[in-house]
Structure formats: C-alpha cells, structure tokens
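Report on one structure; see the data block that follows.
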There are 2 protein chains.
Amino acid sequence: MGSWVNVAEVWRGPFLECVHRGRAVICDSSGDVIAEWGDSSAVTLPRSSSKMLQALPLIESGAAAKFGLTAEHLALSCASHEGAQIHTDRVDKWLAELGLGERDLRCGPQEPRGCLERDALICAGKAFDRTHNNCSGKHSGFLTLNKHLGGGSEYVEPDHPVQQAVLAAFEEMTGETAAGFGIDGCSAPNFASSLRGVATAMARMANPAGLGAVRDAAARDLVAAMKAHPDLVAGEGRACTELMNAMDGQTVVKTGAEGVFIAILPERGLGVALKIEDGATRASECAMAALLVRLGVADANHPDVVKRLRPTQYNFAGLEVGSIQPAQEFFADGALI
Amino acid sequence: MGSWVNVAEVWRGPFLECVHRGRAVICDSSGDVIAEWGDSSAVTLPRSSSKMLQALPLIESGAAAKFGLTAEHLALSCASHEGAQIHTDRVDKWLAELGLGERDLRCGPQEPRGCLERDALICAGKAFDRTHNNCSGKHSGFLTLNKHLGGGSEYVEPDHPVQQAVLAAFEEMTGETAAGFGIDGCSAPNFASSLRGVATAMARMANPAGLGAVRDAAARDLVAAMKAHPDLVAGEGRACTELMNAMDGQTVVKTGAEGVFIAILPERGLGVALKIEDGATRASECAMAALLVRLGVADANHPDVVKRLRPTQYNFAGLEVGSIQPAQEFFADGALI
C-alpha cells in the first residue's frame with residue numbers, strides 16, 4: 001500500500017497508547033506536489049470526500065439550472081449530513097419538487113447521527129428512512145441529473161449515464177484514469193485514484209481557471225455553496241461544519257469514511273488530501289487540523305480547531321485522562337508553505 | 001513503541017482500503033513466550049482486559065466470602081457489560097446488599113450500549129446512571145473489598161488500599177514491576193506492564209498451580225465465573241460473550257479499550273494478549289479470532305467466529321461492499337502450536 005508516516009498520537013497519562021499512521025499531499029491545480037507525507041501515489045478510495053466532484057455533472061449538464069437548484073441544494077449535494085431536521089426537511093422538499101419521494105432514493109436507510117432526531121424518531125415509534133442517510137443530498141442531486149437525462153428509476157449502476165458522467169468528471173479533475181471503484185455506503189460507485197489525484201482535483205476545485213467556462217462555473221458554484229452553508233454540509237458539532245466556521249470563510253473541508261479528509265483553498269489555489277491507514281476519524285480530523293494550521297488558514301488556538309488538533313480526552317466521570325496530539329514528524333513547528 | 005506487524009485488512013471491492021497493525025504474544029505460566037508477533041516487550045495499558053486481575057483481591061481478602069458473592073457477582077466484577085437490565089439489576093441488588101447505592105460508585109454515568117435499554121431510558125425521560133457504566137460490576141467489587149477493609153467512601157485513588165491490593169496482584173501475576181498507570185474510563189488506575197507480562201498473567205489465570213492456595217482458588221473461581229456467565233461478562237451480540245459461547249466452554253476472552261484483547265486457555269495453561277497500534281476494536285476482534293482458531297479452540301466456520309475473523313461488510317442498503325480479513329503474515333495456514 002506504499003509508505004505511511006506517523007500522523008496522530010493518543011496519550012493516556014504518561015503513556016503513548018495508540019499511534020495512527022497516514023499519508024497526505026498538497027497539490028496545485030497543475031497537479032504539482034507542493035508537500036507530501038508518505039506515498040501519495042498510492043490508490044485511494046476518496047469516499048465522501050469526493051462528493052463535490054460527483055456533483056459537477058449536476059450543474060454542468062444544465063440540470064441544476066433547469067430545476068432551479070439553490071446554493072442550499074448544492075451544499076446538500078456535497079454533504080455527509082447527520083440526518084437532522086435542517087437536512088431532511090430540505091431533502092423532502094427537493095424530492096417533492098422533482099415529483100419524487102423517499103422511496104426513489106437508492107441510498108439505504110441510516111440512523112440519524114444527530115441524537116435529538118434519532119431520539120425523537122424512536123420515542124415517536126417512527127423508523128428512520130433514506131432521507132436520514134448522510135448521502136441523501138448527493139442522491140437527490142443524482143436524481144435531479146437523472147430526471148434531466150430522462151433516465152429510469154435506477155441511477156447507481158456504474159454504467160448508468162449518471163455515474164458515467166460522474167466518472168468523466170472525476171477523471172478530468174484528478175487527471176488520472178480511475179483505478180476502478182468500490183461500492184460506497186450509499187450504494188453509488190466510489191471511483192479510485194491516487195491520493196495525489198484527489199488533491200489535484202481539489203486544487204482544481206479551488207482554482208478552476210483553465211478548465212473551460214462550464215467547469216469553471218460549476219466548480220465555483222459548488223465551492224461557494226459549501227462555504228455559504230457549512231451547517232448543511234455536515235451538521236451541529238461535526239468536524240467539517242465546525243472547522244469551516246472556525247476558519248477564514250474561504251477554506252472548504254470535507255471528510256470521507258475510513259479516514260479520508262480533503263481541503264480546498266481557493267485563495268491559495270491549493271488542494272489537500274489525506275488518508276489514515278487504519279481509517280480512524282479521530283486521526284483524520286487531527287491531521288487535517290494540523291495541515292490547516294500549518295497552511296495559515298486555521299488558528300491553532302480556536303476552540304473548534306483545538307477540539308480536533310489536540311483534543312483532551314475525558315472519561316465518563318469527566319476526569320481528564322489523556323489527549324490526542326499530531327505526531328511531531330507530521331506537525332513540525334512553523335508555517336508549511 | 002516497538003515493532004508492529006500487519007494484523008487485519010479492510011477490503012472494499014478490489015481495494016485494500018485500510019490496514020491495522022498490532023502485536024500479540026502467547027505465554028505460559030512461567031512467562032515463557034510460546035509465540036510472538038511484533039515487540040511484546042513494549043509497555044501496554046491493558047485497560048479492561050485486566051479486570052480479572054483487578055478482581056483477585058476481592059476473593060483473596062476474604063471479602064467475597066464474607067459478603068456471600070456468587071459466580072454471577074464474580075463474572076460481573078470482571079465484566080465490561082453493556083448496561084442491559086441483566087447487568088444493572090444485579091448491580092443494583094449487589095449494592096443494596098452492601099448497604100450502598102448508585103451514588104457510591106466512582107465510575108461515571110455511561111450511556112448503555114444495549115440499544116433497547118438506552119431507548120427505553122430516553123423514551124421514559126430517565127437519565128442513564130453509574131450502574132449503566134460498563135465497569136459498574138468491577139466497581140461493585142471494589143466497594144465490596146473496600147467495605148471489608150473498612151475504607152472510607154473513596155476507593156479509586158492509586159494509593160488507596162483497594163488499588164494497592166490490585167497493584168500487588170497485578171505485579172505478582174505479570175511478574176513485573178508496574179510501569180506506572182493511566183486513569184481508566186471508569187476513573188480507577190489502570191496499571192501498565194509489557195504485553196508479555198499481560199499474557200503471562202493470563203497464563204497464570206489459566207494455570208494458577210504454584211501461586212499458593214489462596215491465589216490458586218481465587219484465579220480458578222474467577223475463570224469459572226466468566227466461563228459460566230459469558231452473558232454477564234459483556235452482553236448480547238458482543239464479541240466476548242459470543243466468542244466464549246462459540247468455543248469449547250473452557251476458553252475465556254476479554255476485550256479492553258483501544259484495541260486490547262486477552263484470552264485464558266485453562267486446558268493448555270496458556271495466556272494470550274494482543275494490542276492494536278491504532279486502538280481499533282474491529283482489528284482486535286479479528287486478531288483474537290484468528291489466534292483462537294490457530295490455537296484450536298475456535299471453529300473458523302462458526303458464525304460468531306466468522307463475524308470477527310472474516311466479517312462481511314454491508315452498506316446501509318444491505319449490499320455487500322467488502323470484508324475484514326486477518327493479514328496473511330498474522331494468520332498463516334495451519335495450527336499454531
């Protein structure tokens with residue numbers, strides 16, 4: 001799988017209890033590597049971190065304009081949301097506007113991560129459904145594109161026109177022929193590239209100049225939508241939302257399952273991608289926070305940055321028992337570039 | 001932190017998406033290493049995997065006999081239970097018999113892991129409390145010992161007679177001077193030794209001959225209690241309970257936080273201890289299942305073993321998307337010893 005570096009340390013009292021390894025890379029829009037930790041040529045499934053790439057055809061096809069999608073719709077199409085009411089209400093309305101409903105989503109039902117919503121459903125004796133799935137916004141986008149294309153009721157087969165459009169956008173943005181795909185948690189294909197390819201695609205989201213007018217506009221719209229609605233991209237208390245709110249209003253970050261995290265820095269024209277070897281979210285969040293601080297776009301002392309960069313660990317009685325820290329070799333002192 | 005080996009692989013479609021590293025060691029009661037993967041001399045916090053060692057003074061002091069503790073009490077004292085009613089009812093009764101109550105526990109309140117109990121509490125508008133803490137049985141054991149010793153209301157300070165008795169038992173069983181302690185999730189000190197020391201202690205639980213009549217009886221009682229009540233040691237659907245039920249009725253296994261797992265094999269006189277570098281439970285369960293199969297005490301085709309050894313991964317829609325597999329270098333073909 002190529003080389004890894006130590007990324008995050010988990011301390012308990014005087015003991016280094018766990019170590020997470022990972023790889024990370026920062027690229028510009030030409031695909032040049034600005035900085036790299038571990039082997040960034042290794043093939044990676046970007047999982048949900050690639051949702052904004054999967055949403056490009058929604059705009060570029062004309063579907064978004066035809067169905068009057070707003071920045072809120074676009075933010076949801078890039079979201080891994082927690083199934084809170086602010087998300088599901090908008091998805092319900094979006095589907096209704098398409099003349100569709102929850103039954104038309106091909107993501108499975110997922111228990112909401114927002115405890116309030118989960119508890120309210122359970123106490124009301126109601127089941128959670130597909131609108132609660134963290135990907136229901138992405139799938140509403142797929143359904144919008146599918147309606148525009150005149151597709152049938154299905155849309156997640158890898159050879160379906162919706163997914164073929166996603167594949168084309170993914171390959172153009174990463175600058176690579178996809179290495180294949182895995183089936184994602186939401187049943188859509190998740191196309192694979194090198195980690196460097198993912199970072200390059202994010203740099204192109206940050207600086208789409210030279211990609212043609214259609215892609216340029218689509219990329220800018222999606223980045224603007226995520227910047228404008230961090231609460232729709234994830235939700236209350238979640239890393240993506242809190243980090244975006246804590247930063248400069250320009251930088252976009254997006255997590256993916258199994259320890260993936262990306263960042264889009266429009267003002268710098270840079271893209272960041274990282275992957276944790278073991279898939280741990282606590283490590284991907286720590287690593288991303290470390291890189292955002294080193295890139296000068298996050299304040300190492302902001303409480304919502306500290307919560308990921310150097311979170312104190314408390315036990316059930318509220319006692320401080322340890323902390324997570326970025327590894328020295330990954331988080332050297334001083335600015336990065 | 002010493003060397004690690006690849007232990008478990010996470011596959012998604014054709015891609016090796018994650019790798020977990022770990023170390024493991026099998027010892028006999030003299031402390032001799034029978035088999036080793038990675039550096040077993042590295043210091044490890046055994047976390048909840050050491051609960052049966054922490055329970056030795058409860059019996060050896062005479063407290064268990066004085067207060068009429070049964071095998072159920074002893075199994076709970078070694079448990080990381082899920083806060084289901086079968087656990088909390090027994091803890092409530094135990095505390096009442098001591099003339100104590102939930103308020104006297106020094107573990108913090110923990111949300112029950114058993115969803116039925118959690119949901120019932122929430123829908124009834126009731127808060128979870130300290131009896132739901134996975135360690136409430138261990139703490140009831142501490143309180144029993146403390147009452148026997150005539151201690152005050154506190155009992156988790158590292159220099160308290162209860163914890164000093166635990167420390168003495170831990171050092172005698174591991175054959176090492178403790179390397180220090182971390183504060184555990186339940187606020188008690190968790191003493192550290194080498195991973196080899198933990199495996200040696202488990203081998204001595206398996207074969208306590210030569211440790212003196214008092215320890216011999218205490219170790220046998222605790223192992224017998226865990227064997228007799230796998231449901232009290234963890235709970236429905238949990239790895240420890242299901243693996244013990246799936247095996248030969250002789251082998252005891254116990255998990256610990258941050259990727260620790262131990263096994264006690266009385267018929268072989270062996271102890272096993274393993275630790276995952278990144279702390280992942282999915283990897284510690286896979287690794288322990290692999291070792292139990294190689295040791296000939298678990299059937300690689302039993303559904304509850306397969307569930308940990310080679311679990312198929314399904315997405316929210318119920319589609320098969322991947323699997324977890326023991327790494328080849330950790331799980332070679334054939335019997336181990």
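The values are calculated or read from the model by the stated rules, or taken from the named source; none is laboratory data. The structure displayed is predicted, hence computed values, not measured ones. Neighbour counts run over all protein chains shown; Cβ positions are idealised from the backbone, glycine included.
Quick one: would you say A:Gly259 is within 22 Å of A:Met52 (Cβ to Cβ) and in contact with a strand residue (DSSP E or B) (Cβ under 6 Å, 6 or more places away or on another chain)?
Working: within 22 Å of A:Met52 (Cβ to Cβ): yes; in contact with a strand residue (DSSP E or B) (Cβ under 6 Å, 6 or more places away or on another chain): yes.
So A:Gly259 passes the test.
Within region B:95-149, the only residue that satisfies the criterion of being modelled with pLDDT under 95 and at positive phi is B:Gly125. Taking the criterion of being in contact with a strand residue (DSSP E or B) (Cβ under 8 Å, 6 or more places away or on another chain) and under 22 Å from B:Asp32 (Cα atoms), the residues of region B:172-193 that qualify are B:Thr174, B:Glu176, B:Ala178, B:Ala179, B:Phe191, B:Ala192, B:Ser193. Check whether at least one residue in region B:286-301 is surrounded by 24 or more Cβ atoms within 10 Å (Cβ to Cβ) and acidic (Asp, Glu), and report yes or no. Among the residues of region B:286-301, not one is surrounded by 24 or more Cβ atoms within 10 Å (Cβ to Cβ) and acidic (Asp, Glu), which makes the answer no. Do we find a residue being of a type outside the set (D, E, K, R), more than 16 Å from A:Ile262 (Cα to Cα) and either at pLDDT 95 or above or touching a Phe, Trp or Tyr at 6+ places or on another chain (Cβ under 8 Å) (or both) anywhere in region A:43-54? No: region A:43-54 contains no residue that is of a type outside the set (D, E, K, R), more than 16 Å from A:Ile262 (Cα to Cα) and either at pLDDT 95 or above or touching a Phe, Trp or Tyr at 6+ places or on another chain (Cβ under 8 Å) (or both). B:Gly269 fulfils the conditions (1) more than 23 Å from B:Pro230 (Cβ to Cβ); (2) more than 16 Å from the chain's Cα centre (by Cα) except for a single criterion, (1). For region A:316-331, filtered to residues that are more than 14 Å from chain B (Cβ to nearest Cβ) and aromatic (Phe, Trp, Tyr), the residue that is surrounded by the fewest Cβ atoms within 10 Å (Cβ to Cβ) is A:Phe331.
Cβ-Cβ contacts under 7 Å between residues 6 or more apart (or on different chains), taken from a first residue in region B:203-229 that is charged (D, E, K, R) to a second residue that is in a loop (DSSP other than H, G, I, E, B), are listed as B:Arg204/B:Ser29; B:Arg204/B:Leu211; B:Arg215/B:Pro208; B:Asp216/B:Pro208; B:Asp216/B:Ala209; B:Arg220/B:Pro208; B:Lys227/B:Gly249; B:Lys227/B:Gln250.
For the residues B:Thr88, B:Thr70, B:Thr44, the requirement of being of a type in the set (Val, Ile, Thr) and closer than 19 Å to B:Pro112 by Cβ singles out B:Thr88. Applying the criterion of at least 1 residues that are more than 30 Å from B:Gly31 (Cβ to Cβ) and in contact (Cβ under 8 Å) with a residue 12 or more places away in the chain to the helices (runs of 4 or more DSSP H) found wholly in region B:113-196 leaves B:115-123, B:136-149. Scanning region A:288-315 for residues that are within 13 Å of chain B (Cβ to nearest Cβ) and not β-branched (Val, Ile, Thr) turns up A:Gln313, A:Tyr314, A:Asn315. For region B:275-306, a residue qualifies if it is within 29 Å of A:Ala8 (Cβ to Cβ) and basic (Lys, Arg), and the qualifying residues are B:Lys275, B:Arg282. Checked against the criterion of being over 29 Å from A:Thr251 (Cα atoms), within 14 Å of chain B (Cβ to nearest Cβ), assigned to a loop (DSSP other than H, G, I, E, B) and not basic (Lys, Arg), the candidates A:Gly108, A:Gly83 yield just one match: A:Gly108. Might you check whether a residue that is more than 14 Å from chain A (Cβ to nearest Cβ) and crowded, with 20+ Cβ neighbours inside 10 Å occurs anywhere in region B:179-194? No, that holds for no residue. Scanning region B:1-59 for residues that are under 20 Å from the mean Cα position of the chain (by Cα), within 12 Å of chain A (Cβ to nearest Cβ) and not in a strand (DSSP E or B) yields B:Ala42, B:Leu45, B:Pro46, B:Arg47.
Return yes or no: is A:Asp89 at pLDDT 95 or above and either within 14 Å of another protein chain (Cβ to nearest Cβ) or part of a strand (DSSP E or B) (or both)?
Against the criterion (at pLDDT 95 or above and either within 14 Å of another protein chain (Cβ to nearest Cβ) or part of a strand (DSSP E or B) (or both)), A:Asp89 does not qualify.
Are any of the residues in region A:196-212 touching a helix residue (DSSP H, G or I) at 6+ places or on another chain (Cβ under 7 Å) and of a type in the set (D, E, K, R)? Yes, region A:196-212 has at least one match.
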